[in-house]
Amino acid sequence: MTGRGVGRRGFLAGAAAAVVAACGAEQPRSRAARTMPPRPPEKQPAGPAPEPPSPVPDLPVVAPWQPGGNEISPEVKLAAVRVLEALGSVPGGGAVTPAADRLTAAGASPGLERTAGPLLPPAAPAVAQIVYPQYGGLERGTASVMTVVRQTWVDGEALLERVVTADVRLARSGGVWTVTELRPVAPAPAAAAALTGPAAELAASGRVQLPEAALADLAAGVVDARVVAALLELSGTYQPAVSVFRGGHPENVFGTDRTSNHTRGRAVDIWAVDGRPVVSMGKDEPFLLDFLAAVRATGSDEIGGPVDPDGPGGKHFADDLHRDHVHLGFERPPDDR
């Protein structure tokens, strides 16, 4: 009995010691894990602060072109400009909508993209502003709308711009006018720098608005010296806005087989004077009549416009086609005295 009792007490004491020993072995590690301070983060080498992203420049806000009250057959011009606006206005902020899809949305043939050329801006986003759509020809079933378009697009941190002229051909079917062909003029950005003599004086005067296609014609030497001299003379009193010399105008007088004096370099079309569109002027307005008289005083013998001041057989003529511009031309060749 006594031996068995001592053995039991020894066993219990030994077991208790084992438990204490086990707990004592684990407790220091547990306390150390709880009380050890967190390791400080490693210091990173100092460097320049990251630059904020460059702001994207804002494109100008452009409203769709709308005809004035004196426009002849405004539905023709609207059909033309809506196509040009669709081609040249490219929204940003995501995937670029293909030009063919933009044309379809505008109710035009997507196939016009193939001949759009410079009417498509070089980058996106971009906007197209119609400077003015002027008639180059107008018949019952066909028309030409010579349109000057200002394109603006984002290039990195800058806005870039160019002015494109296009002869837009249209046809009427079932009373609806649709664009059938685009004839844009290729840009010539170095044209202004190549000008010399009176042409350079004309461009540098700041009193005659010249689209890039007109500057290219001057630089190529295809504009009759009398036309340049006439514009210089007019610029002493007025500020004419040119639409076309040669580039962008139909080769023949529209609807005929007669070569236009524009093609010969002997004519210029003026769509606005002193900031006022010709189409907005009343036919009996003194300002318009005075300007036509000034054009006649330059020696021009082919003057088209909204009104014919000297009647049949004179130097002036008027028709619906010329309600929106003044045509200053020379019928006789330059060496005909």
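The values are calculated or read from the model by the stated rules, or taken from the named source; none is laboratory data. Fair warning: this is a prediction, and the values are worked out from it, not measured in the lab. Backbone-built Cβ (ideal geometry, glycine too); neighbour counts: all protein chains shown.
Okay, residues lined up against (1) free of Cβ contacts under 8 Å to residues at least 40 places away in the same chain; (2) closer than 22 Å to residue 71 by Cβ:
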| residue | (1), (2) |
| --- | --- |
| 288 | yes, yes |
| 300 | no, no |
| 305 | yes, yes |
| 308 | yes, yes |
| 311 | yes, no |
| 320 | no, yes |
| 323 | no, yes |
| 326 | no, yes |
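Any residue at all in segment 129-140 that is small (Gly, Ala, Ser), in the same structural domain as residue 253 (by TED's automatic domain parsing), at pLDDT 95 or above and surrounded by 21 or more Cβ atoms within 10 Å (Cβ to Cβ)? No: segment 129-140 contains no residue that is small (Gly, Ala, Ser), in the same structural domain as residue 253 (by TED's automatic domain parsing), at pLDDT 95 or above and surrounded by 21 or more Cβ atoms within 10 Å (Cβ to Cβ). Restricting attention to segment 235-266 and to residues that are over 27 Å from the mean Cα position of the chain (by Cα) and in a strand (DSSP E or B), the residue that is surrounded by the most Cβ atoms within 10 Å (Cβ to Cβ) turns out to be 252. Selection of segment 125-142 for residues being in a loop (DSSP other than H, G, I, E, B) and closer than 18 Å to residue 179 by Cβ yields 139, 140, 141.
Does residue 171 qualify as being at negative phi and outside any strand (DSSP E or B)? Criteria not met by residue 171.
Can you find a residue in segment 101-122 that is β-branched (Val, Ile, Thr), more than 24 Å from residue 243 (Cβ to Cβ), at pLDDT below 95 and not assigned by TED's automatic domain parsing to the domain that holds residue 249? Checked against the condition, which is being β-branched (Val, Ile, Thr), more than 24 Å from residue 243 (Cβ to Cβ), at pLDDT below 95 and not assigned by TED's automatic domain parsing to the domain that holds residue 249, segment 101-122 yields no hits at all.
Out of the residues in segment 103-124 that are part of a helix (DSSP H, G or I) and in contact with a strand residue (DSSP E or B) (Cβ under 8 Å, 6 or more places away or on another chain), state the one that is nearest to residue 170 (Cα to Cα). The qualifying residue nearest to residue 170 (Cα to Cα) is 112. Please verify whether residue 80 is assigned to a helix (DSSP H, G or I), under 30 Å from residue 273 (Cα atoms) and either among the hydrophobic types (A, V, I, L, M, F, W, C) or at pLDDT below 95 (or both), treating the condition exactly as stated. Spelling it out, residue 80 is indeed assigned to a helix (DSSP H, G or I), under 30 Å from residue 273 (Cα atoms) and either among the hydrophobic types (A, V, I, L, M, F, W, C) or at pLDDT below 95 (or both). Any residue at all in segment 267-290 that is touching an Asp or Glu at 6+ places or on another chain (Cβ under 7 Å), in a loop (DSSP other than H, G, I, E, B) and of a type outside the set (Ser, Thr, Tyr)? Within segment 267-290 (the criterion being touching an Asp or Glu at 6+ places or on another chain (Cβ under 7 Å), in a loop (DSSP other than H, G, I, E, B) and of a type outside the set (Ser, Thr, Tyr)), the answer is no, since none of the residues qualifies.
When the residues of segment 298-322 are filtered to those that are touching an Asp or Glu at 6+ places or on another chain (Cβ under 8 Å) and not in a loop (DSSP other than H, G, I, E, B), the one that is farthest from residue 226 (Cα to Cα) is 318.
Please verify whether segment 276-286 includes one or more residues that are in contact with a helix residue (DSSP H, G or I) (Cβ under 9 Å, 6 or more places away or on another chain), buried (at least 23 other Cβ atoms within 10 Å of the Cβ) and in contact (Cβ under 8 Å) with a residue 24 or more places away in the chain. Yes, segment 276-286 contains a residue that is in contact with a helix residue (DSSP H, G or I) (Cβ under 9 Å, 6 or more places away or on another chain), buried (at least 23 other Cβ atoms within 10 Å of the Cβ) and in contact (Cβ under 8 Å) with a residue 24 or more places away in the chain.
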